[in-house]
Amino acid sequence: MKLAVVGATGLVGSEILEVLDEHNFHYDELLLVASERSVGKQIEYKGKKHTVIGLADAVAAKPHIAIFSAGGSTSLEWAPKFAEAGTTVVDNSSAWRMDPSKKLVVPEINAKELSKEDKIIANPNCSTIQMVLALEPLRHQYGIKRIVVSTYQSVTGTGKAAVDQMMAEREGEANPPMVYPHKIDMNVLPHIDVFQPNGYTKEEMKMINETKKIFSDNSIQVTATTVRIPTMGGHSESVNVEFNKDFDLGEVRKLLSETPGVIVQDDPANFVYPMPINAHKKDEVFVGRLRRDESQPNTLNMWIVADNLRKGAATNAVQIAAYLVKNQLV
Ligand code: 2RA
């Protein structure tokens, strides 16, 4: 089993390496791959020094699986070359997500759809993954009519440079490097990714379109407002979901607490609810503030938090890779 991690030097890349280790992912050979800038760099991993190699060398090495976290344009150019060489690509970028010929996979929901023929598999957007995972058991039980989601997203979702901007502002540096169009520390930006002609941002449209694709249901109505906040550790989401039929709050709690990968933290009397500070470095999705929307029937309010670099990116990708190996699809 030859495994490549493409984009190994980035924030998500290093999280992938951590998750592979924590999950005891078996491989015989590990290739750490990055852009020309990082080729030749030494990375110490699990007590061994690895030399970073370039994309062309990685394709020539014909790994069984390549987990990509190198951005959309690298993925558009290189994922097909890996696929052509027989490698199965698990891609973290948005490049292939809405391509009708590619599967968009959250393993707990739809890994069963994967086959040996899937050579490029898309990992959904971080804010979508945590929401759909928490909604999945409720969708089965009650059917979903409409979702209204507002997000509170960590700067780690933008990458290392954004973390640097926030920390530099916090430390009072005179000219902090600007990744966002505005100050992020002590601020909130109702703006993630680029604005679209319809007034939504690309991040909002990802949540809308990816949810329908993962659930294979275009009839579900979704609307989203995505917001960047000066935090690290995870993305938080306020989700208002209208079901096709009425629900019992006790049953909702039970269903969620029985869902693999989901942890219910819902004890407001003792100030217990999900927070990014607690989700940091955890693979699970945390759900709380479960309550009826009293303004209309069949509608639930919930608060969903997960480490966007974990279940929102690295963990989900590693779980897809593990599923492929376990089911002999590579
Ligand atoms: C963000 N969703 O948080 C992005 C990362 N993929 O900006």
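Taking the criterion of being part of a loop (DSSP other than H, G, I, E, B), of a type outside the set (S, T, N, Q) and buried (at least 24 other Cβ atoms within 10 Å of the Cβ), the only residue of segment 80-105 that qualifies is Val105.
Of the residues in segment 241-250, not one is within 16 Å of the ligand (Cβ to nearest atom) and on the phi < 0 side of the Ramachandran plot. Considering segment 138-181, and only residues there that are within 16 Å of the ligand (Cβ to nearest atom) and in a strand (DSSP E or B), the residue that is surrounded by the fewest Cβ atoms within 10 Å (Cβ to Cβ) turns out to be Ser150.
Rundown of residues vs (1) surrounded by fewer than 21 Cβ atoms within 10 Å (Cβ to Cβ); (2) more than 21 Å from Leu255 (Cβ to Cβ), yes/no style:
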{"site": "Lys281", "(1), (2)": "yes, yes"}
{"site": "Val285", "(1), (2)": "no, no"}
{"site": "Arg291", "(1), (2)": "yes, no"}
{"site": "Thr299", "(1), (2)": "yes, no"}
{"site": "Asn308", "(1), (2)": "no, yes"}
{"site": "Val318", "(1), (2)": "no, yes"}
{"site": "Ala321", "(1), (2)": "no, yes"}
{"site": "Val325", "(1), (2)": "yes, yes"}
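Residues in segment 109-119 that are surrounded by fewer than 19 Cβ atoms within 10 Å (Cβ to Cβ) and in contact (Cβ under 8 Å) with a residue 12 or more places away in the chain: 5 in all. From the list Ala313, Ala322, the one residue that fits, being within 16 Å of the ligand (Cβ to nearest atom), among the small types (Gly, Ala, Ser) and closer than 23 Å to Val89 by Cα, is Ala313.
Quick one: would you say Val39 is surrounded by 20 or more Cβ atoms within 10 Å (Cβ to Cβ) and either among the aliphatic types (A, V, I, L, M) or in contact with a strand residue (DSSP E or B) (Cβ under 8 Å, 6 or more places away or on another chain) (or both)?
Answer is no for this residue.
For the criterion of being under 13 Å from the mean Cα position of the chain (by Cα), small (Gly, Ala, Ser) and either closer than 29 Å to Trp78 by Cα or assigned to a strand (DSSP E or B) (or both), Ser127 passes. Could you check segment 300-310 and list, in sequence order, the residues that are within 12 Å of the ligand (Cβ to nearest atom) and in contact with a strand residue (DSSP E or B) (Cβ under 9 Å, 6 or more places away or on another chain)? Listed by number, the residues that qualify are Ala306, Asp307, Asn308. Among the residues of segment 9-31, those that are under 19 Å from Gly159 (Cα atoms) and either without any contact (Cβ under 8 Å) to a residue 60 or more places away in the chain or more than 21 Å from the chain's Cα centre (by Cα) (or both) comprise Thr9, Gly13, Ser14, Leu17. Which members of segment 172-208 meet the condition of being farther than 19 Å from Met131 by Cα and acidic (Asp, Glu)? Passing the criteria: Glu173, Asp185. Across segment 287-305, not a single residue is classified as under 23 Å from the mean Cα position of the chain (by Cα) and within 30 Å of Tyr27 (Cα to Cα).
With respect to Asp266, is the statement that it is within 16 Å of the ligand (Cβ to nearest atom), in contact with a Lys or Arg (Cβ under 8 Å, 6 or more places away or on another chain) and at pLDDT 95 or above true? Here the answer is no, as Asp266 does not meet what is asked.
Every residue, every condition in (1) without any contact (Cβ under 8 Å) to a residue 24 or more places away in the chain; (2) within 16 Å of the ligand (Cβ to nearest atom), yes or no:
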{"position": "Ala34", "(1), (2)": "no, no"}
{"position": "Lys48", "(1), (2)": "yes, no"}
{"position": "Val59", "(1), (2)": "no, no"}
{"position": "Phe68", "(1), (2)": "no, yes"}
{"position": "Gly86", "(1), (2)": "no, no"}
{"position": "Asn92", "(1), (2)": "no, yes"}
{"position": "Arg97", "(1), (2)": "no, yes"}
{"position": "Asn125", "(1), (2)": "no, yes"}
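The values are calculated or read from the model by the stated rules, or taken from the named source; none is laboratory data. From a predicted model like this one, the values you see are computed outputs, not experimental measurements. Cβ atoms come from the backbone with ideal geometry, glycine included; neighbour counts cover every protein chain shown.
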